[in-house]
Amino acid sequence: MEMKLFDSERKVMEVLWENGHLPAARIADILGERIGWNKNTTYTVIKKCIEKGAIRREDPKFICYPVLTKAEARHYEAREMIDRLFDGSAKNLLASIFEGKAISEKEARELKELIDHLEKENQ
């Protein structure tokens, strides 16, 4: 599932990824303690996540379940960053990361193994 999360939505999702599922009231309590959000702010962001399909709501007690996984969110964000900053090129991303930095033989071997694995998956 590909979905762009705004920073506020990501904060709500992080709470769910850490806990599995929670009542909306508990999410509001946690985010109130962590970042000072009030209940209305948290409920508004939860509603946006539900509308996007990132969260599934069950009643009674407004229990929130994460539909979007953390891995899916990371994958989408990484692809979006590569597209936006590196013209869609993973090679350009890696070149930028390692520019002027020596890598160990072990790191080079691990990168090669990862590339070999990805090539096999794409065949």
(message) Just checking my list [x] 1.27; [y] 1.12; [z] 0.93 against Rg/Rh (Cα atoms, Kirkwood Rh) computed from this structure; which label fits?
(response) [y]
(request) Tell me which residues come under 5 Å, amide H to amide H, from LEU22 once H is placed; ignore anything under 5 positions away on its chain. (result) CYS64
(request) Give the long-range amide H neighbours of ARG56: residues separated by 5 or more places, or on another chain, with amide H under 5 Å away, using H modelled in the peptide plane at 1.01 Å from N. (result) TYR65, VAL67
(request) Given the options GLU18, GLU33, GLU105, state which has the largest fluctuation in a GNM of the chain using a 10 Å cut-off (strictly under) for Cα springs. (result) GLU105
(request) Return the sequence-ordered ³J(HN,Hα) values of region 59-67 in whole Hz as given by the Karplus equation 6.51 cos²θ - 1.76 cosθ + 1.60 applied to θ = phi - 60°, using x for Gly and Pro. (result) 9, x, 6, 6, 7, 10, 10, x, 9
(message) Could you work out [θ]222 nm for the chain from helices alone, using -39500 (n - 2.57) per DSSP H run of at least four and dividing by all its residues? Round to the nearest 500 deg cm²/dmol.
(response) -21000 deg cm²/dmol
(request) Take the chain, connect every pair of alpha-carbon atoms lying under 10 Å apart with a spring to form a Gaussian network, then pick out the residue of ILE103, ILE50, ILE82 with the largest mean-square fluctuation. (result) ILE103
(request) Give a residue-ordered list of calculated ³J(HN,Hα) values for region 11-24 (Karplus: 6.51 cos²θ - 1.76 cosθ + 1.60, θ = phi - 60°; whole Hz; x for Gly, Pro). (result) 4, 5, 5, 4, 4, 5, 5, 6, 10, x, 8, 8, x, 4
(message) So for the chain, if I pair up every lysine 8 or more residues apart or on another chain, how many of those pairs have alpha-carbons under 23 Å apart?
(response) 27
(request) Please turn the phi angles of region 89-95 into ³J(HN,Hα) values with the Karplus equation 6.51 cos²θ - 1.76 cosθ + 1.60 (θ = phi - 60°), one per residue in order, whole Hz, x for glycine and proline. (result) 10, 5, 4, 5, 4, 5, 4
(request) Over the chain, average the accessible area per residue using a 1.4 Å probe and give it in Å², no decimals. (result) 69 Å²
(message) Can you list residues from other chains, or at least 5 along the same chain, whose modelled amide H is less than 5 Å from the amide H of TRP37?
(response) GLY32
(request) Would you please name the trypsin sites (Lys or Arg not before Pro) within region 35-123 that are DSSP coil residues with at most 13 other C-beta atoms within 10 Å of their C-beta? (result) LYS61, LYS101
(request) Using only Cα atoms, locate the centre of region 65-86 and the centre of region 47-64, then give the distance between them in Å, rounded to an integer. (result) 20 Å
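The values are calculated or read from the model by the stated rules, or taken from the named source; none is laboratory data. Note that the structure is predicted; figures quoted are calculated from it, not measured. Note: ideal-geometry Cβ built from the backbone for every residue, glycine included; neighbour counts use all protein chains shown. Surface areas here come from the heavy atoms of the whole protein model, side chains and all, with no ligands, DNA or RNA. Shrake-Rupley method; radii C 1.70, N 1.55, O 1.52, S 1.80 Å.
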